[in-house]
1. How do Y317, Y383 line up, fewest other C-beta atoms within 10 Å first?
2. Which value in nm describes the separation of the simple spin-label points at Y383 and A199, placed 7 Å from the Cα toward the beta carbon?
3. I'd like the antiparallel share, as a percent to the nearest 5, of DSSP beta bridges with both residues in the chain.
4. Taking 0.36 nm per residue of separation and subtracting the Cα-Cα distance, what length does fully extending E306 through R240 add?
5. How do R138, R387 line up, fewest other C-beta atoms within 10 Å first?
6. Answer with one residue from N30, P43, P170: the one whose Cα lies farthest towards the positive end of the charge dipole of the range 20-226, charges on Cβ with Lys, Arg +1 and Asp, Glu -1.
7. At a threshold of 8 angstrom on Cα-Cα distance, excluding pairs fewer than six apart, so keeping six or more, what relative contact order does the range 74-211 reach in percent?
8. Net charge near A345, counting Lys/Arg +1 and Asp/Glu -1 over other residues with Cβ under 12 Å of its Cβ?
Amino acid sequence: MPRWILLCVGLWCASLAQAAPKVFEDHLPNGLRILVQPDHRAPVVTSQVWYKVGSSDEPGGLTGISHVLEHMMFKGTAKVPAGKFSEIIAAHGGQENAFTSRDYTAYFQTLAKESLDVALKLEADRMRNLLLREEDFRKEVEVVKEERRMRTEDDPNARLYEQFQAIAWPNGGYHHPIIGWMDDLERLRVEDLRRWYRAHYAPNNATLVVVGDVTPGEVKRLALKHFGPLKPSSLAPRERSQALEQAGERRMVLRAPARLPALLMGYRVPVLLDDVPAWEAYALEVLAGVLDGGQSARLQQRLVRESRLAGEVSAGYDADSRLHDLFQISAVPSEGVSVGQLEQALRQEVARLREEPVSAEELARVKAQVIAAEVYGRDSVFYQAMRLGAYETVGLGYRRLNELVPGIEAVTAEQVQAVARKYLIDDRLTVGVLDPLPLEPGVKSKPAETMGGIRHVR
């Protein structure tokens, strides 16, 4: 491995650490946390309100309620009629939306800096003053049910992912789908939604993140003006309830009409919030890059281009999840290749990670990719705000973002091999297989819209 490449990577890391943008934090007396990151390159601003509630907080019988409430947040208050929120933001030249995930729910606007006052006024109003009318609820829950039919029940790949997660986390953790089980959506009542809203949508359960052409003092003044009068709630402690310990490989098969079979493999692994050394999470990030870090990564090179066993293959891991997560591999076999053949090839690649240290070239490549992603991400005020909000809301704290690049840079080949040996083993593995049935004449199966955690919907 040329020494100059490793030297450049190290110098790049040092440069990034020195150039890390300054984040200002504050809070209001009612408990609202405020994070401000000035970025004066353009006269725009992104404002986001993050709530500490997502599908992993939902009890059985109320799955999907966080997502339904996200939809209802646009159905009006006494001051802002239904549909007017989006119209007002658009009239000020801005864009807005929201998303629900396993770990949080967030609402955001990107607009000219002069319009920040408008965005914060609207967000503060709907934080505590939703009308939540029965007639709006009945209509919107039907929208969500239809969304579930289209995105999950009519999509065999999405159904596979949903059932795969439920098997991997049988009694907690990330068992529930974000959109909810259909039976629960059928039984959901507006009073359930009102209780959920009162319990979780409060200033002391939220973080306001503002990134863009602003000053911390300006944001604090506007936050006090609009959010300051809101009363906090009595919050129950947010638990990190984990699923049962796994003591053996789990498997599931979904038989459904589809054009192609598919394979999911997930190894239960820790995340940064867990009581393990942080280097393990960073080593798992590097390991994911070794397997699936572009066209030169192992899975693409060996399984797609060389052996042609897979038409599609990917690997991924989220170190910043709130609960234990899966190191996940997904693949679609090439025509004439069985799922069993592809699974065996993937197991061989995983075994190689356990048996042989990765090369210096691979380490350098993955580290350079992570650093490049960090650099490019700073070009977007929206991306910067997303990272701050996510780290803060899951409980990591935004300061740990500064540890990411140095943490990746410090990972050694021996550490990558160590986490592979410790976590990528059969006793921590869940396997999901899509066994395709014949399609009806004229019907084409479609790829899953998402195989991951966040659904951008409204």
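The numbers here are math on the coordinates, done by the rules we state, and not lab data. None of the values given here were measured: they were computed from a predicted structure. Glycine gets a Cβ as well: all are built from the backbone with ideal geometry, and neighbour counts include every protein chain shown.
1. Going from least to most buried by this count: Y383, Y317.
2. It is 3.7 nm.
3. Rounded to the nearest five, the antiparallel share is 75 percent.
4. That works out to 19.5 nm of additional length.
5. R138, R387
6. Checking the options against the dipole of the range 20-226, the answer is N30.
7. About 21 percent, as a whole number.
8. Around A345, the surrounding residues sum to +2.
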